[in-house]
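The values are calculated or read from the model by the stated rules, or taken from the named source; none is laboratory data. In this text the structure is predicted, and so the values were computed from the model without any measurement. Quick reminder, even Gly has a Cβ in these numbers, built from the backbone with ideal geometry, and neighbours come from all protein chains shown. These accessible areas exclude ligands, DNA and RNA; they are computed on the full protein's heavy atoms, side chains included. Shrake-Rupley method; radii C 1.70, N 1.55, O 1.52, S 1.80 Å.
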Amino acid sequence: DLHQEQIEFENTEEFKELAKNRYMIEAKNSEIKNRHGYATSQNDGLFGMTVQAATTLFVTNLKRIMTLMNE
């Protein structure tokens, strides 16, 4: 009874569509964490973490742009 609302949502077409595309998002998250060192913070404080996040995401997006340009 406690999880009935979630169970009903998981049976909808909307959830099934979202679940189909989830693997692509998880693959990108894994790349960011494992290949670009985003799993741990190299800086202290909120500002340092913000700079690291922005830099990591910028590099990841730049790599994707370069890959698309070379296709």
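For GLN52, only one of the following conditions fails: (1) open to solvent by less than 70 Å² (accessible area, probe 1.4 Å); (2) at pLDDT 90 or above; (3) not basic (Lys, Arg). What is its number? In the conditions (1) open to solvent by less than 70 Å² (accessible area, probe 1.4 Å); (2) at pLDDT 90 or above; (3) not basic (Lys, Arg), GLN52 misses (2) alone.
Of all the criteria given as (1) outside any helix (DSSP H, G or I); (2) touching a helix residue (DSSP H, G or I) at 6+ places or on another chain (Cβ under 6 Å); (3) of a type outside the set (Asp, Glu), the one not satisfied by LEU2 is (2). Report whether or not PHE58 is open to solvent by less than 100 Å² (accessible area, probe 1.4 Å) and at pLDDT 90 or above. Answer is no for this residue. For first residues located in the range 24-46 and under 15 Å from ASN61 (Cα atoms) and assigned to a helix (DSSP H, G or I), partners that are open to solvent by 60 Å² or more (accessible area, probe 1.4 Å) and among the aromatic types (Phe, Trp, Tyr) and lie 6+ apart or on another chain with Cβ distances below 9 Å form the pairs ASN29/TYR38; ILE32/TYR38.
Filtered by the rule that a residue be loosely packed, with under 10 Cβ neighbours inside 10 Å and among the small types (Gly, Ala, Ser), the range 28-49 gives ALA39, GLY45.
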